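Remarks on the structure that follows.
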Amino acid sequence: MQKITPFLWFERDMPAVVAYYQSLFPETVVKAGGELSDTPSGTVQMATIEVFGMNFDLMTAGPYLPFNATVSFLVSCSSAEEVDVLTAKVMKDEHTFLMELGTYPFAERYTWLTDRYGISWQFMYAPDMNLTASGQKVTPTLMFSNDNCGRATEAADFYASVFHDAKINYLQKYEAGETQNEKAVVKHAGLTLEKVNIALMDNGTTPASFTFAQAISFVVTCENQAEIDYYWEKLTDGGNEVQCGWLNDKFGFPWQIVPTAMSRMMSTGTPEQIARVTKAFMQMKKFDLAILERAFAGE
């Protein structure tokens, strides 16, 4: 099971969202789906899709905050042609280039652009870097911008200390004259957290106003209450609790700390059981697994 999963919050129409990503990325697999009723956002649609081996949890729950470039998804392509094909697919619809398609010092073929919904993708062919050696083709990438700029090193150390199976694989710093933003320190850093590769970087361009937002979070699945308690305590240190298993860490990045049992309840439960569990967790900040299990059982 993928312990850390990107979670994307869309506005509406889950079938259209899923169909769009199936059109962009070959062999996208729909692994789960369902609805939650009687939430503050009304009826919420949920889905899990697998893109190039990476699971993404999706939700359509009405407007909240738009996606922005502080979180992007780096796709390590097997050829320059694959970069071009993926780019052409995104360009068929509304899109914005953050970095134009071309050759760069770090890649033979590369682009950074947003798709129809505003999700940021980096498509890169860089054979010398051998980014696919780990077997992970999609790498979630966090960009530390605005007041967070310059904190990527701190974040790498923090996340490596929180997760048990964790290591910092590399950390490249900007050299003199490489960045327009004097606060930026880390050009690119790679971490492995619970067997999931994640990249971090400081925003090296002109300082921007965008920051991490609830539109994209990471879900951490937990086997028991002790694990929920552990991640909740560690990740709220310097951050804050939100609601329904959500929190913001000290950098403002959102996480969801969720019991694995939740998936079982939502996939196997009757409408009445799901409604009881939904009502129970809507009243929580940190999830209480025992209360959720009792709600599922109707006790």
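The values are calculated or read from the model by the stated rules, or taken from the named source; none is laboratory data. Note that the structure is predicted; figures quoted are calculated from it, not measured. Backbone-built Cβ (ideal geometry, glycine too); neighbour counts: all protein chains shown. Ligands, DNA and RNA are stripped out before the accessible areas are found, and what is left, the full protein with its side chains, is counted by its heavy atoms. Shrake-Rupley method; radii C 1.70, N 1.55, O 1.52, S 1.80 Å.
Of the GluC sites (Glu not before Pro) found in the range 84-122, those in coil by DSSP whose Cβ has at most 14 other Cβ atoms within 10 Å are Glu94. Normalised per residue, the accessible area of the chain is 46 Å², obtained with a 1.4 Å probe and no contribution from ligands, DNA or RNA.
What part of the accessible area of the chain, given as a whole %, is carbon or sulfur when the probe is 1.4 angstrom? Looking at the chain in its full context, I get 51 percent from C and S. In units of the rule-of-thumb radius 2.2 N^0.38 Å, the chain shows an alpha carbon radius of gyration of 1.01.
Simple point charges give the picture: +1 on the Cβ of Lys and Arg, -1 on the Cβ of Asp and Glu, and for the chain a dipole about the Cα centre of about 200 debye.
Comparing Gly245, Pro26, Ile168 along the charge dipole axis of the chain, the residue lying farthest to the positive side is Gly245, per the Cβ-charge model. With helices as the sole contributors, the chain gives -7500 deg cm²/dmol at 222 nm; each DSSP H run of n ≥ 4 counts as -39500 (n - 2.57), and the sum is divided by every residue. In terms of the Cα gyration tensor, with a ≥ b ≥ c the square roots of its eigenvalues, is the range 1-105 rounded because a/c is under 1.5, prolate because a/b exceeds b/c, or oblate? Prolate, because a/c is 1.5 or more and a/b exceeds b/c.
Relative contact order of the range 200-299, taken over Cα pairs closer than 8 Å and 6 or more residues apart, is 27 percent. If you run the Gaussian network model on the chain, springs between alpha carbon atoms under 10 Å, then out of Lys250, Lys286, Lys31 the most flexible one is Lys31.
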